[in-house]
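To start, the structure under review is shown below, and the notes come after it.
Laboratory data are not the source of any read-out in this text; all were calculated from the coordinates shown. Everything numeric here is computed off the predicted structure, so don't read it as measured data. Here the Cβ is made from the backbone with ideal geometry for all residues, glycine too, and neighbour counts use every protein chain on show.
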């Protein structure tokens, strides 16, 4: 189903209402910046240097200390949301995974745009795809949805490279929503750590398919990796299925444990479940 | 070593599909998934969990091929090495008594013994020889030591159940004698149901192995039968059928006892409950009139369990002559002494006909055969008539070929044959004889002997017997003594009994019929089941081998029919429970009985299981397959 489908758009509107009900009173775009600015909220003092805005000299402090100091305030700025959407071939097997990833990204972007935040779309596979430049305002929702809707699965997963390319653009620190199945042979920890080190806040949305979590026993299969082409001969007997389930459980625990350890949000989105649930969990935690 | 089932080597053909299973790739469904990373890790886990190192495929194939070859060879039943050494001899002694006809689990003990003996024959090693001895009442070598399996098979085909009794001791001794100089490793195998009471000493010169066949089968049997006349008012032919039946086996059971005439007329039936080891007597009263030839019919009694089991059929039927046969025609020939005439006429069951030699000689050849007891007084024909006869005070120098001596006055009685039925209750202690003629022939059996020699004797012939009384009873005081009357009544009773038995001497179940025949004619015998047996007489007797079958055998000889009764009525034989104790004849201890070992038969089963498991393993490992 297209992201521009009226039914999906209605679901986005409902999502916005749900988000508003939860965060009633929050002003649009009122997110505290890590940079100090000119808002009314005092942050600190610093010595006055020639060229500084004389309107910010704290005269009361001068009267007591006989030194010119400037009053520093917490800057109020709009939030940058980077939608890092995995479009590797693994999201295309089955196709419902990429569809779910698009919906999650669309939901996040919609909430951000209606809140006057800046949103950009960064599709990636083995390299960064066509980036949608940052947009802002509710009127740009359509542009975002069209950009997401046009994404197609293909290529291998290389999150490290995608993060490197993102950071190479020297973008403003912000929320980096990584929507992926995290099936990266090179791992996900290093690129996510790098985002954190660059003062970004990664948010992890893990897209999974039920058959990946709990395969149906029975049958002899030659499993082919959609990204690497690797072939694995498997007979889905009880032992094999049990071993696979243990591996899946370990992988999920490892990923959620990593996020918890670094204070990151981790939301699992199954293709057969409502994507709004994961978004609302995130919004409640934000 | 030989292969008993060489065709089982066909299992080696499985090598082809076995190799193919390794050569052919397993057909798998190709399925593209997002990532195989977790599957690869899971399969690594599976391999790590295995307690043993996975064999390389080629080694696995080699091992499986070896197992297949071993299994196929096992199915081919290699034999010989574990049996008797090459060149040694094996004597198989098979109990051929009636109890071996007992059927258990659908198979008779004899069939089981025959199959075991056949397996021994098949298992003979190269250079080995086997002999087969049937242990009946008399041991019989069915096959001398031979390696010729055709001869052994032929001998086994002739091995069958005989009458009561198995002289295992004599049979083993006979086999031991044949194996006396046999190489080391030779031995005797006795196949018996051990349904014999007592201890049986077995020859110790050759190792003996006793294999017991059969178990404690339940059996019901007729162990005695007699039919006695009991004339009643208005029922002169009434008789009592005395039957004694028994159950051998734990517990109790109901049986139906049925009495019929040999012609099929129903006489009566009873239903009784039998306890183990407690024989029960039953009396069935019936009217048994004689037939047109003044002969009585034969009474056939059968016992049949009601809803129970009965392992042996041979003892379920017994036959006996009916009392009507007691009406004995007696042909008094010549001038009989008054005492003789009186004693014959006094017997109410004697139909006395007085005649003479000349009248007998004048009879037409087509006239009916006179069937009865001939009593010749003074003169006798040159040849004895068929059947029984008595010659009293014979004249001439000989009677029926038996030479007579000159008359001796008042000979002193020396002895008499008390054991003979004719001399039963007869005493000569105070008897004084007049003139008597000593019977000077070794071919007779003396019954009364004087200091001059035998004066009363019995001459046995194939077709009858003649009692020669070489004295005049009236000459002396014998005719005035009760013993004289008893003697003639005994003669009549004996003749009546022999006639009632049909003219052929009694014999045990399965014993051959010795049919008296004039000349060397042919004899046809009908068995109770309707089969026929033929034999040619030699020396006046035709020996007809008949099956161990209870009932009335009818022999057609010359222009008459003779009858022979055969039944078991042997409590010892009807008790099928193993109880014999075997011991070494040299006092060297007991000989243990063992169950027939079926190890050769189990190997094929084990091998088949082995092959089945192998097939499953191969199928699982190459087609269904553990994770690669």
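Quick notes on this one:
- Separation in nanometres of the label points that stand 7 Å from Cα toward Cβ, at residue B:265 and residue B:31: 8.9 nm
- Extension reserve of the residue B:369-residue B:19 stretch, reckoned as 0.36 nm per residue once the Cα distance is removed: 117.4 nm
- Treating r as the C-beta distance of residue A:138 and residue A:164 and R0 as 22 Å, the FRET efficiency rounds to 0.10.
- In range of the label at residue A:197: residues from the range A:236-259 whose backbone nitrogen is under 20 Å from the point 7 Å along Cα→Cβ: A:258-259
- Full-stretch length increase - residue B:236, residue B:341 - with 0.36 nm per residue and alpha-carbon distance subtracted: 35.3 nm
- Shape category assigned to chain A from the gyration tensor of Cα positions, a/c cut at 1.5: prolate
- Label point distance in nm, residue B:9-residue B:518, each placed 7 Å from Cα along Cα→Cβ: 6.8 nm
- Peptides B:513-526, A:96-109, B:420-433 ranked from most to least packed, by the mean per-residue count of other Cβ atoms within 10 Å: A:96-109, B:513-526, B:420-433.
- Principal-axis tilt of helix B:109-122 within chain B, Cα atoms, nearest 10 degrees: 60 degrees
- Shielding by partners - mean other protein chain Cβ count within 10 Å, residues of A:245-253: 3
- Between the alpha-carbon centres of the range B:508-549 and the range B:432-465 there is a gap of 31 Å.
- Label zone at residue B:48, where the point sits 7 Å out along the Cα-to-Cβ direction: the range A:233-258 residues whose backbone N lies under 18 Å: A:239-255
- The label point for residue A:46 and the one for residue B:617, both projected 7 Å from the Cα toward the Cβ, are 8.0 nm apart.
- Between the beta carbons of residue B:351 and residue B:306, assuming R0 = 41 Å, the FRET efficiency works out to 0.40 to the nearest 0.05.
- Listed peptides B:94-101, B:31-38, A:48-55 appear in the order B:94-101, B:31-38, A:48-55 once ranked by packing, highest mean of other Cβ atoms within 10 Å at the front.
- Separation between Cα centres of the range B:101-115 and the range B:257-290, rounded to whole Å: 29 Å
- Computed E for residue A:127/residue A:230 - FRET, C-beta separation, R0 25 angstrom, nearest 0.05: 0.75
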